Amino acid sequence: MGFDGNGFAWDELTITRGIVQSFMDDFLDSIDLDAAVVGAGPSGLTAARLLAGEGHRVAVFERNLHIGGGIWGGGMLFPRIVIEEEAAPLMEEVGIKLREWENGTVIADAVESATKMTAAAIDAGARIMVGIEAEDVVVDDDNRVRGVVINWGAVPAAGLHVDPLAVHAKIVLDGTGHPCELSRLVEMRVPGACIDSDFDCIPGEASMNAAAGESSLVENTREIYPGLIVTGMAASAVTKSYRMGAIFGGMLMSGQRAAEVASGILADMS
Ligand code: 48F
C-alpha cells in the first residue's frame, strides 16, 4: 500500500492498477474475434448488438471517444431522427420511445437513440472500444480480410509516428459511414480482391435522394471483399447510391442485414 494519509484503504495506485489491469484484460480478450465492427454509428451498433446477442465474440472499434456517429447531430444539429415504420421494431426492442409522424414514419430523440443503441449493444455482449481507430486491414495469403490494424485515435490526430497493433476477426464490418474507410483500404491494398465486378472502383455516394437511398441500402449491404461486409453509409458509398440525410431506418436495417450476412459466414466457417 502506498501513501495512506487520509485513512482510506485505497490510494492512487488502486486507481492506476484498476484502470490498466481491467482494460488490458478486456483488450486481450478482444484480439481474436468472431466479428470486428469498425465504427459505432447506428449501423455498426445495430450489427454488433445482434451478432453479440447470438453469442458471437464481437468488438466495435470507434476512433472517437464518443459513440453514435451521425446520430447525435440529428438533422442540421436539430437532435431528432426520422425512421421508417418498418425499422421501428429495431428501435423499440432497445427501448427507444417513438413518436408517430407522417407518411409511414416515426420520430426519435437523437440522444436517447445513441445512448440506448449503445447500451443495448453492450448488454448483448459487444465490447465497445472507443478512442481506437482502424488504420488498415489484415489480409491473408488468399486475399481474405482477417482482421484490422488498430491504433489510438489520438496518434494520427497528434501527428505521431507510432506503429499499430492488429486484431484478428473471422469477419470484419465496415461501418465507417460516408468515407467507407475500410473498403477503400482494401481496394488500395488488395487489387482485384473484390467479389463483385460492380465494385472494381469505389465510386463514393451520389447526391441526396432520401427515398431511393433508403430503399437500396439493405440490398447494398453485403460482403464486398472476402471477409469484409459493408453496412450503413459505407454500403451506399461503395455502390454510388444516394445519400439520405437524417432518416435512419435504413441504417438500422442495414445493420440487421450485415449481422445476418456475418452470421451466415460465421456458421459456414464453424
Ligand atoms: O457515420 P456513422 O453514423 O455511420 P452509419 O452507421 O450511419 C450514417 C448516419 O449516421 C448518417 C446518415 C443517415 O442517413 O447518413 O450519416 O453509416 O458512423 C460511423 C462511425 O465510424 C467511425 C466514425 O467516427 C463514426 O463514429 N469511424 C470512421 N472511420 C473509422 C471509424 C476508423 N477508421 N476507425 C474507427 N472508427
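Looking only at region 65-90, residues that are closer than 13 Å to M253 by Cβ and either among the charged types (D, E, K, R) or away from the ligand (no atom under 14 Å from the Cβ) (or both) come to 5 in all.
P191 fulfils the conditions (1) farther than 24 Å from M269 by Cβ; (2) in a helix (DSSP H, G or I) except for a single criterion, (2). The lone criterion from (1) in a strand (DSSP E or B); (2) of a type outside the set (K, R); (3) free of Cβ contacts under 8 Å to residues at least 24 places away in the same chain left unmet by A108 is number (3).
Selection of region 28-64 for residues being surrounded by fewer than 20 Cβ atoms within 10 Å (Cβ to Cβ) and within 10 Å of the ligand (Cβ to nearest atom) yields only N64.
At least 1 residues being β-branched (V, I, T) is the threshold, and among the strands (runs of 3 or more DSSP E) wholly inside region 200-260 those reaching it are 223-225, 228-230.
Among the residues of region 220-263 satisfying the criterion of being among the aromatic types (F, W, Y) and surrounded by 24 or more Cβ atoms within 10 Å (Cβ to Cβ), which is nearest to the chain's Cα centre (by Cα)? It comes out as F248. Hey, any hits in region 152-168 for a residue that's within 10 Å of the ligand (Cβ to nearest atom), in contact (Cβ under 8 Å) with a residue 60 or more places away in the chain and aliphatic (A, V, I, L, M)? Scanning region 152-168, I find no residue that is within 10 Å of the ligand (Cβ to nearest atom), in contact (Cβ under 8 Å) with a residue 60 or more places away in the chain and aliphatic (A, V, I, L, M), so the answer is no. Scanning region 136-151 for residues that are touching a Leu at 6+ places or on another chain (Cβ under 8 Å) and free of Cβ contacts under 8 Å to residues at least 40 places away in the same chain returns V149, N151. In this structure, does Y225 turn out to be among the hydroxyl-bearing types (S, T, Y) and in contact with a Cys (Cβ under 7 Å, 6 or more places away or on another chain)? It is true that Y225 is among the hydroxyl-bearing types (S, T, Y) and in contact with a Cys (Cβ under 7 Å, 6 or more places away or on another chain). Taking the conditions exactly as written (without any contact (Cβ under 8 Å) to a residue 60 or more places away in the chain and more than 19 Å from A246 (Cβ to Cβ)), does W72 satisfy them or not? No: the conditions fail for W72.
The criterion of at least 3 residues that are more than 20 Å from D123 (Cα to Cα) and not hydroxyl-bearing (S, T, Y) is met by the following helices (runs of 4 or more DSSP H) wholly inside region 1-95: 12-28.
Where a number appears in this text, it was derived from the coordinates with a stated rule and is not lab data. Nothing here was measured: the structure is a model prediction, and the numbers come from that model. Neighbour counts run over all protein chains shown; Cβ positions are idealised from the backbone, glycine included.
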